[in-house]
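Trainee: Once you've had a glance at the structure underneath, I'll fire off some questions.
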Amino acid sequence: MGVGAGHFHSLIFTYGTLKRGFSNHVLIQDLIATSDAAFITVCLTTAQFPLVCGPYRVPFLLNFPGAGHRVSGELYAVSARGLGRMDELEGTGRGHYERLPIEIEAAARDGARRMWAEAYFAHSSYAAALWRKSGERGYSAYTEKEAAGYVKRKDRPQNQSFLEQIQLFVSS
């Protein structure tokens, strides 16, 4: 690969639209092209977490360990610059998602290997409402089936913020 290990800043667990085959994976492809990200492995969360869909079939991981399922996803090593671009996409500065530690388990030749990464969780300001709205039932994976009906950001109403769209969704 020719990229020094010191180049990468963070391990990021992706569970939704950033995964291969989904709409926001183009960002990761861009980061891989500039050596700002590298795919590591497919993995599972060590603990159970709720994975739900919000407005426009947007996936959210809720920081309620013990509820829901062990969630499958993909692990990426990301540079500081790459992390900045991911934080921007996930709206961490706008109260959309929070980047928090998560323990994951990756399949290794000699069994499972546990390690810590970070994931983008639904912001705590609306996570409980989203869980109630989902009937307190989550998915174990964001698959083509759950993603059916996903609406890209550019195709959503432009006169409402994403937080307003979430509030309308949970109150409807």
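The values are calculated or read from the model by the stated rules, or taken from the named source; none is laboratory data. Note that the structure is predicted; figures quoted are calculated from it, not measured. No Cβ is skipped: glycine too gets one built from the backbone with ideal geometry, and neighbour counts run over all protein chains shown. Remember, those area values only see protein heavy atoms, side chains included, never the ligands or the DNA or RNA. Shrake-Rupley method; radii C 1.70, N 1.55, O 1.52, S 1.80 Å.
Trainee: Which of the lysines could a cross-linker bridge to LYS145, judged by Cα under 18 Å and excluding same-chain residues fewer than eight apart?
Mentor: Straight-distance partners of LYS145: LYS19.
Trainee: Apply the Karplus parameterisation 6.51 cos²θ - 1.76 cosθ + 1.60, with θ equal to phi minus 60°, to every residue of segment 131-141 and state each ³J(HN,Hα) to the nearest whole Hz, in sequence, with x for glycine and proline.
Mentor: Working through the residues one at a time gives 5, 4, 4, 7, x, 6, 10, x, 9, 8, 7 Hz.
Trainee: Check ILE40: other-chain or 5+ apart residues with amide H under 5 Å from its amide H, H built from backbone geometry?
Mentor: Result for ILE40 returns LEU75, TYR76, ALA77.
Trainee: Would you kindly find the accessible area of ILE104, with a 1.4 Å probe and non-protein molecules such as ligands, DNA and RNA excluded, rounding to the nearest 10 Å²?
Mentor: 0 Å²
Trainee: Beyond 17 Å, how much of the Cα-Cα pair distribution for segment 78-165 remains, as a whole percent? List each step's numbers first, then the result.
Mentor: Working: 2570 of 3828 pairs.
The answer is 67 percent, as a whole percent.
Trainee: Oh, and also: Of the accessible area of the chain, with the probe set at 1.4 angstrom, what percent is carbon plus sulfur?
Mentor: 52 percent
Trainee: What percent do you get for the relative contact order of the chain when only Cα pairs under 8 Å and 6+ apart count?
Mentor: Numbers: 313 pairs, mean separation 47.7, N = 172.
Averaging sequence separation for qualifying contacts and normalising by length gives 28 percent for the chain.
Trainee: Now for a different question. Residue by residue through segment 36-44, which ³J(HN,Hα) values in whole Hz follow from phi under the Karplus form 6.51 cos²θ - 1.76 cosθ + 1.60 (θ = phi - 60°), with glycine and proline marked x?
Mentor: My calculation for segment 36-44 gives 9, 7, 9, 6, 9, 6, 7, 8, 10 Hz in order.
Trainee: Between THR41 and ARG137, what FRET efficiency follows from the Cβ-Cβ distance if R0 is 25 Å, with the result rounded to 0.05? Mind showing how you got there, number by number?
Mentor: Values: r = 28 Å, r/R0 = 1.11.
In this case the efficiency is close to 0.35.
Trainee: With the Cα gyration tensor of the chain in hand, give its eigenvalues times 5 under a square root as the equivalent ellipsoid semi-axes, listed largest first in whole angstrom.
Mentor: Working: eigenvalues 135, 76, 37 Å².
Three semi-axes, in Å: 26, 19, 14.
Trainee: Quick one: order ARG109, ARG70, ARG156, ARG85 from most to least accessible surface, probe 1.4 Å.
Mentor: Details: ARG109 250, ARG70 85, ARG156 15, ARG85 105 Å².
The residues order as ARG109, ARG85, ARG70, ARG156, largest area first.
Trainee: OK, next. In a shell of Cβ-Cβ distance under 12 Å around TRP116, excluding TRP116 itself, what net charge do Lys and Arg (+1) and Asp and Glu (-1) give?
Mentor: On the way: positive: ARG113, ARG114; negative: GLU103, GLU105, GLU118.
It works out to a net charge of -1.
Trainee: Right, next: Compute the accessible area per residue over the chain, keeping the other protein chains in place, probe 1.4 Å, unit Å².
Mentor: Values: 8630 Å² over 172 residues.
Ligands and nucleic acids excluded, the result is 50 Å² per residue.
Trainee: Tell me, what is the FRET efficiency for ALA148 and THR34 to the nearest 0.05, using R0 = 25 angstrom and their Cβ-Cβ distance as r?
Mentor: Taking R0 as 25 Å, the efficiency between ALA148 and THR34 is 0.20.
Trainee: Karplus couplings for segment 109-123 from phi (6.51 cos²θ - 1.76 cosθ + 1.60, θ = phi - 60°), rounded to Hz, Gly and Pro as x?
Mentor: My calculation for segment 109-123 gives 4, 9, x, 7, 10, 8, 7, 9, 9, 10, 9, 8, 9, 3, 4 Hz in order.
Trainee: What accessible area, in Å² to the nearest ten, does a 1.4 Å probe give for ASP36?
Mentor: Roughly 10 Å² of ASP36 is accessible to a 1.4 Å probe.
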